[in-house]
Amino acid sequence: MKKEQLGKLIIESEDTMYHVAKTLLRNDADCSDAIQESIVRAFSSIHTLRSDAYARSWLIRILINECYSIMRKEKKLVSLEDYHQEDRGKEDENYSDLYRAISRLPEAMRLPVVLYYIEGYSIKEVALLLEVTESAVKNRLIRARKRLKADLEPEEARG
């Protein structure tokens, strides 16, 4: 892959990169840092890409690794139980009930949901990106759907 092709891929993947970064980091400044660093890393390691067919997945994997790196550096890995609603402030007011429900999922379920349902990756691609088996992705999606259904179901329907 040539650098011009990579640049075009990055522009085409802009929304996907933001959604993936936002799923892991939540803070827009951290998302921006992760995306920028991922782009730099992609250009500097373009020679490691074995096949152009996997370029998009390769780029997203670089981004995921960079997000994890930022989380480790800044110790931003906070359990959702400790993540208080008032700490989110006005940022959370702009999002739908579904977004809030997805954001409450554990990371192991949240990232597959975003990659599969929002970004349109296949089960196989999600498995490769997350470095887990296809079966694990399917199981995480099943558990996530159950949690989302329970979370979004009106109280009257619950019982």
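The values are calculated or read from the model by the stated rules, or taken from the named source; none is laboratory data. Owing to the predicted nature of the structure, the values given are computational and were not obtained by experimental measurement. Methodologically, a virtual Cβ is constructed for each residue, glycine included, from the backbone with ideal geometry; neighbour enumeration extends over all protein chains shown. Accessible surface is based on the protein model in full, side chains and every heavy atom, while ligands, DNA and RNA are left aside. Shrake-Rupley method; radii C 1.70, N 1.55, O 1.52, S 1.80 Å.
Taking the stretch 27-65, which residues are farther than 17 Å from GLU119 by Cβ and among the charged types (D, E, K, R)? Matches in the stretch 27-65: ASP28, ASP30, ASP33, GLU37, ARG41, ARG50, ASP52.
Do we find a residue being open to solvent by less than 70 Å² (accessible area, probe 1.4 Å), of a type in the set (Gly, Ala, Ser), modelled with pLDDT under 85 and over 16 Å from the mean Cα position of the chain (by Cα) anywhere in the stretch 54-73? Within the stretch 54-73, none of the residues are open to solvent by less than 70 Å² (accessible area, probe 1.4 Å), of a type in the set (Gly, Ala, Ser), modelled with pLDDT under 85 and over 16 Å from the mean Cα position of the chain (by Cα).
The set of residues in the stretch 16-47 that are open to solvent by 30 Å² or more (accessible area, probe 1.4 Å), within 12 Å of the chain's Cα centre (by Cα) and without any contact (Cβ under 8 Å) to a residue 24 or more places away in the chain contains only TYR18.
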